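One structure is given here, and the rest of the page talks about it.
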Ligand SMILES: *Cc1c(COP(=O)(O)O)cnc(C)c1O
Ligand SMILES: [Zn+2]
């Protein structure tokens, strides 16, 4: 294993790789540090190309040596989206589509890593606060690993997402309030039960590492090259920041020549990271919000300031499309590329449309847009805007439909 320490992202203090998640000096978040010289000596493009088609393909860059809890997360479809690209005026638009992950969202990547780490730590209970996708993914991986799971969700999220968690045997606790309330409660419970692994709380430094594979896969599928721009949906900001770290690590070990990628953040209308980038000010939490995109509805993004910094330093931008734009984008993607994405993916595509319209992305640039979930998870909001054609069972009736 090449993990050597956890390091404070703010003050740089190093800690042993234990179930720690914030710096005891400055309270900054901790992140994994690896022996990059060691990785450089041991991996090659040829060797990687022969490996399993899951996140564990890139195991040197993951923070555990334990036998993986692997339901097959990762190495999902990566497609050159010629039809959508033509609609938008982009020649080299690529989509990394996580709708086909084991529990139908990108969360399987992070959970597979976190639950494996929980086993390595000898934990027998795992938990999380979730806006929905994490719940389903954690429940499935906990079932496979033989661990008990407690899942805290905001009351009122999509029913089919709770079903997904319940069916795998997790205890789902609906907390009155928002995701942020559920998260606060889960953090208090994690403090009280030190041998429980809350994947997005005390296992967070390990959990987020799984997201780096979204950078690794894009680079590998582009022939070990970074795209010039990416569009990433943002909830807490961890995903965007981790993709950034993923490209940097590939550059550090020499698997790509350059990690010069412009990062564009996609959030639902009015959410803090996009707002901060667009209005050139600090990331400020919001308490009251309404959006149909529940999987991105985090009012107080834990990694918001880091995501914003990556966006600004990389020369990218942020967009926060409205609910109506999101639904239109889901339909456009479905009708051009045959991909039914979750509303979060609609936010990505809608943001991409705005970025192109505003001239922030050029026609020839290599762009990767991340579609992080499956449309069947949020079908209801889209269904309301669609209709069937109803007729009596006579051929003439159908002829009328054809306008004959
Ligand atoms: C969790 C999630 C994200 C991004 O989450 P971050 O908190 O920013 O890491 C994006 N899309 C979907 C569908 C998600 O479930
Ligand atoms: Zn610190």
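To keep it simple, each residue is scored yes or no on (1) closer than 23 Å to residue 295 by Cα; (2) surrounded by fewer than 24 Cβ atoms within 10 Å (Cβ to Cβ).
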residue	(1), (2)
353	yes, yes
356	no, yes
364	no, yes
367	no, no
378	yes, no
Of the conditions (1) farther than 18 Å from residue 115 by Cα; (2) modelled with pLDDT under 95; (3) crowded, with 23+ Cβ neighbours inside 10 Å, residue 192 clears all except one; give me its number. (3)
Within segment 149-169, is there a residue that is crowded, with 24+ Cβ neighbours inside 10 Å, within 12 Å of ligand 1 (Cβ to nearest atom) and at negative phi? yes
Those residues that are in contact with a helix residue (DSSP H, G or I) (Cβ under 8 Å, 6 or more places away or on another chain) and at pLDDT below 95, I need them from segment 20-41; list them, please. 20, 21
Suppose we filter segment 265-276 for residues that are in contact with a helix residue (DSSP H, G or I) (Cβ under 6 Å, 6 or more places away or on another chain) and buried (at least 24 other Cβ atoms within 10 Å of the Cβ); how many remain? 6
In this structure, does residue 60 turn out to be within 16 Å of ligand 1 (Cβ to nearest atom) and on the phi < 0 side of the Ramachandran plot? no
Could you list, in sequence order, all residues of segment 120-176 that are part of a loop (DSSP other than H, G, I, E, B), in contact (Cβ under 8 Å) with a residue 40 or more places away in the chain and out of contact with any strand residue (DSSP E or B) (no Cβ under 9 Å at 6 or more places or on another chain)? 122, 158
Take residue 206 and decide whether it is within 25 Å of residue 36 (Cα to Cα), within 12 Å of ligand 1 (Cβ to nearest atom) and either in a helix (DSSP H, G or I) or modelled with pLDDT under 95 (or both). no
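The values are calculated or read from the model by the stated rules, or taken from the named source; none is laboratory data. Worth saying up front: this structure is predicted, and the values here are computed from it rather than measured. All Cβ positions, glycine included, derive from the backbone under ideal geometry; neighbour counts span all protein chains shown.
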